[in-house]
Amino acid sequence: MCGIVGYIGKLKATDVILNGLKKLEYRGYDSCGISFLNEENYKYVTYKTPGRVDHLINSYDYKMNNFIGIGHTRWATHGKPNQVNSHPHSSASERFIVVHNGVIDNYKELTARYLQGFSFISETDTEVIADLIENFAKTMSTEEAIRKTLSLLEGSYALLVMDKEKNDTIYAAKNKSPLLIGSSDKGVTFGSDLMALVGNSDYYYLIEDKTFIVAQKNGKTTFQAYDIIGKSVKLQQHKMDLADNEIDKGGYEHFMLKEISEQPAVIRRIISKYLINGILEVSEKTKNLFKNKKRIYILAAGTSMHAGFIGRFYFENLAKIPTEVFIASEFAYNPPLLEKDALFVLISQSGETADLRTCLVNVKKMGYEVLTITNVITSTLAREADHALEIYAGPEIAVASTKAYVAQVTVLAILAYVLSEEKPFDLAFELSRLSVAMEAIIDKKEYIEKLVEKKLKKRNCFYIGRGIDYYTSLEAALKLKEISYIQTEGFAAGELKHGTIALIEKDVPVIAIISQKAINHNTRNNIQEVRARGATTIIIATEALSDSADDIILSDVHEFLSPLLTVIPTQLIAYYKAKELKLDIDKPRNLAKSVTVE
Ligand code: M6R
């Protein structure tokens, strides 16, 4: 969602910030802005615009020298995505300039109590933060005024503040919303996501909640971290191991196509990470979390929840542990009656999803242990859980999740397999075979592009399947709708005739997934039912279960692993439909990569 970048040091701040904001575009936003100090006249400049960072870059002049600045991409929560509401925001006298991610729950109460007589330009909660600092700075030092403000804020924030009376300093603070610091001999960079620090930081530091940072250019640029009462704290240093070329399109037209194509390599990377002395293993710490647990509760959102459904199948069929899956936003406020001896498994690509964070806080309060499965091992959900398992998908930039989904399912399979007493097959071998089968279907992408042109012509569509193919149908439907805006539903094939078949009319596309021998026959009957009502069908089947007239025939893989293969043509279908419609594939409308508000 919103993105923050700030810089102070030897480089041109606007270059670092605009470049950083471009790298955060994948998170989703609808307006953006930047403030910096023009070194030539020592005046602060603020540029803001609705729309893309490219517009911010092309509409304004950045020729002046500058060494300090803050920037922001905003995903509207309080107020429309227009120029006035975009960040940075200034305090009433314009002394303080602020960028903010998160939501301040008590901003109205704070306004009533401390800001009588202030008038506001924007509809945002952020402007209130700037004014609170200004109000307290009348009688306090800048640091004290910011700390006093922080002590009053309820809700989530990652904040950067500049004070026009202190041209050499950026102040930062965080609570619940992510914020990191990057450092090198060229300066200090702040970013709400590691991506924003790549390219100009040798080291990065994670900031704990309720920490306050002061970064200063005094010859060399350094920073100091403090807790909320002003006691100095030490942040753990991490070596930056991401390079710029790991987050570019690498010659592909879109990140989504690049990420779809990377999936066979992701499977092989995961095998290598979890293979110890030739055997798939997870740490003792991970295994201990499952000891004496009578039930697993999986919590997740969107695509990660679909991975959770497949995970449930693995936990129940391999590890023999009863498992339930819940939508995080529902579980957070409507939890069911819970088993006492249970483990919570949170699945999240970003590790920052706000709905999940609420669940994590709630279940920890109830005394449960939590395992997070994530692509970002430095994320909030990874750090706050009892333990975290990394999925090793590599940076996923396209909003539509593809390789992270496949990596989540793979790690869930490995975990359930390690926990299973009988190892009914050689998982490492089957995963390697799967990666070859994935390559084969990715190589046929032009064929899928043509199939989409020919058969997907309506503004609505259905995916059907049974068993684990039904879960893939849910994921396939989400992918098609989120990037092509075509209304698509995933259905249990047998359920269609209990109501939804009424929607089937001439040429409505119904895409069926068949990878499970036991229910092949039943799904094929359901296909006949929709064909009889005029549907245009696309059948995706594994070779052993296929019919020569099927549209997409996939190599045979172990049935347990088939969801990792059948999902790939569905990702390509979504991609090519969105491409045909000339839509913004990597940044679909209204969506954000990392959903950091509830
Ligand atoms: O980062 P997370 O895995 O927690 O994100 C959860 C969902 O927001 C995410 O999977 C979303 O559904 C994707 N855009 C789907 O492609």
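The values are calculated or read from the model by the stated rules, or taken from the named source; none is laboratory data. The model shown is predicted, which means the values in this text are computed figures rather than measured ones. Heads up, the Cβs are rebuilt from the backbone with ideal geometry, glycines too, and the neighbour counts pull from every protein chain shown. Only protein heavy atoms, including side chains, enter the accessible area calculation; ligands, DNA and RNA are left aside. Shrake-Rupley method; radii C 1.70, N 1.55, O 1.52, S 1.80 Å.
Brief remarks follow.
- In this simple spin-label model, placing a label point 7 Å from the Cα along the Cα-to-Cβ direction at both Tyr42 and Asp168 gives a separation of 1.2 nm.
- Length added when fully stretched, Ile229-Ile121, from 0.36 nm per residue minus Cα-Cα: 35.7 nm
- Whole-Å distance, taken between Cα centres, linking region 168-207 and region 80-127: 23
- Accessible surface computed residue by residue for region 61-100, with neighbouring protein chains in place and a 1.4 Å probe, gives 35 Å² per residue.
- Cα centroid separation, region 464-521 to region 22-40 (Å): 41
- Between Glu316 and Asp244, the contour length at 0.36 nm per residue exceeds the Cα-Cα span by 21.8 nm.
- Relative contact order of the chain: 12 percent, from C-alpha pairs under 8 Å at least 6 residues apart in sequence.
- Local charge for Gly28 was computed over the other residues whose Cβ lies under 15 Å away, with Lys and Arg +1 and Asp and Glu -1, and equals 0.
- Per residue, in Å², the accessible surface of region 444-591 once ligands and nucleic acids are set aside, probe 1.4 Å: 41
- Region 432-496: C-alpha gyration tensor shape, a/c 1.5 cut-off, then a/b vs b/c: oblate
- Using a Förster distance of 45 Å, the FRET efficiency for Glu543-Glu598 (Cβ separation, nearest 0.05): 0.50
- Ratio Rg/Rh, restricted to region 156-280 and using Cα atoms, in which Rh is the Kirkwood radius: 1.09
- Region 444-591 - percent relative contact order, Cα under 8 Å, separation 6 or more: 29
- Ranking Ile511, Val452, Tyr463 by how far each Cα lies toward the positive end of the dipole of region 444-591 (charges on Cβ) leaves Val452 at the top.
- On region 3-247, 46 percent of the accessible area sits on carbon and sulfur atoms, based on a 1.4 Å probe.
- ³J(HN,Hα), Karplus 6.51/-1.76/1.60, whole Hz, each residue of region 275-286, x for Gly, Pro: 8, 10, 6, x, 10, 5, 9, 10, 5, 4, 4, 5
- Per-residue HN-Hα couplings for region 390-407 [Karplus 6.51, -1.76, 1.60; θ = phi - 60°; Hz; x = Gly/Pro]: 8, 9, 6, 6, x, x, 10, 9, 4, 4, 6, 7, 10, 5, 5, 4, 4, 5
- One decimal place: the segment Asn106-Tyr60 gains 13.0 nm when fully extended, by the rule 0.36 nm per residue minus the C-alpha distance.
- Solvent-accessible area, 1.4 Å probe, carbon plus sulfur percent, for region 296-421: 51
- Each Cα pair under 8 Å and six or more residues apart adds its sequence gap; the mean of these over the residue count of region 354-513 is a relative contact order of 16 percent.
- The modelled label-to-label distance between Ile279 and Ile327, using points 7 Å beyond Cα along the C-beta direction, is 4.2 nm.
- Size descriptors for region 444-591: radius of gyration and Dmax over Cα atoms are 14.2, 41 Å.
- Using a probe of 1.4 Å on the protein chains alone, the accessible area found for Lys497 is around 100 Å².
- Under 18 Å from the Cα of Lys454 - lysines, other chains or at least 8 residues apart: Lys444, Lys445, Lys506, Lys577, Lys579, Lys582
- Heavy-atom accessible area per residue - region 122-275, 1.4 Å, Å²: 40
- Modelled spin-label separation between Glu430 and Glu580, with each label point placed 7 Å from Cα along the Cα-to-Cβ direction: 3.5 nm.
- For region 461-598, size of Cβ-based charge dipole, Lys and Arg +1, Asp and Glu -1, in debye: 320
- Spherically averaged projected area of the chain from its Cα convex hull (nm²): 28.0
- Evaluating kT/(6 pi eta Rh) at 10 °C and 1.306 mPa s, with the Kirkwood radius of region 1-136 over Cα pairs in the Stokes-Einstein relation, gives 105 µm² s⁻¹.
- Surface share of carbon and sulfur [accessible, 1.4 angstrom probe, percent] for region 483-570: 48
- Three-way shape label, region 536-598, alpha-carbon gyration tensor, a/c 1.5: oblate
- Under 5 Å from the amide H of Glu369 lie the amide H atoms of Phe344, each residue being 5 or more positions distant or on a separate chain, with H modelled from the backbone and absent for Pro and chain starts.
- Distance histogram in 10 Å bins (all Cα pairs of region 249-443, percent per bin): 9, 37, 36, 15, 2, 0
- Phi angles across region 303-316 convert, under the Karplus curve 6.51 cos²θ - 1.76 cosθ + 1.60 with θ = phi - 60°, into 3J(HN,Hα) values of 4, 5, 5, 5, 4, x, 4, 5, x, 4, 4, 5, 4, 7 Hz, Gly and Pro given as x.
- Greater than 29 Å apart at Cα, pairs in Lys210/Lys273; Lys138/Lys593; Lys403/Lys457; Lys12/Lys403: Lys210/Lys273; Lys138/Lys593; Lys12/Lys403
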